[in-house]
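The numbers here are math on the coordinates, done by the rules we state, and not lab data. Every value quoted in this text rests on a predicted model; they were computed, and no experiment measured them. Glycine also receives a Cβ, built like all others from the backbone with ideal geometry; neighbour counts cover every protein chain displayed.
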Amino acid sequence: MIKTFALTLLALTPGAAEADLLVSFRDSAPRDIFILQNDGSCPINGAVELDLEPSPSGLFFDVTAEGAGVEVFQPLRVEAGAGYLSAVPVVRDGDKSVVLSVAGLPPGEQVRFTADLDDSLTNGTFGQIRVSGSEIAGASARVAGGAQAPFDGTGRAVMPVACAGA
């Protein structure tokens, strides 16, 4: 399960127009779900980093049977919007961040990927194999050279992203 994460977009050309990049996390079994949604009016391009390190729950990716994960593991899998990524992101077991290279994510479209997140809390809300929205709170989303937003208690982070050429 994923507990915390941050998004980093590579620097975009500043301008008056903006798009909102909504990043959301949803605990699910056996795979946790991350969605990057373009809620703006222009395409989004750049590297997006999801960073779990700031989460007080000690979140990490559990993608193999080896390592610190508990019981179930699930590798990262792009479920929707793969055509808006330059490459499938690489995440190793125990990693606390992942980078997605977003290429031309149009308004209204999304990139959705799944993986397993675990926490390192011994007294967490659902144990170590499930992650609640409050456990991912504090993880952040960043746009390089621009906005940064923490995940809230519902598992959402919203960042304004300048439209290129605007």
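Distance between the pseudo-spin-label points of Thr64 and Ser86 (7 Å out from Cα toward the beta carbon): 2.6 nm. Note on Glu53 and Glu109: their simple-model spin labels are 3.1 nm apart, each label 7 Å out from Cα toward Cβ.
With both labels modelled 7 Å from their Cα along Cα-to-Cβ, the Ser120 to Ser28 distance reads 2.8 nm.
A cut-off of 5 Å between modelled amide H atoms, ignoring neighbours fewer than 5 places along the same chain, links Asp32 with Ala115, Asp116, Leu117.
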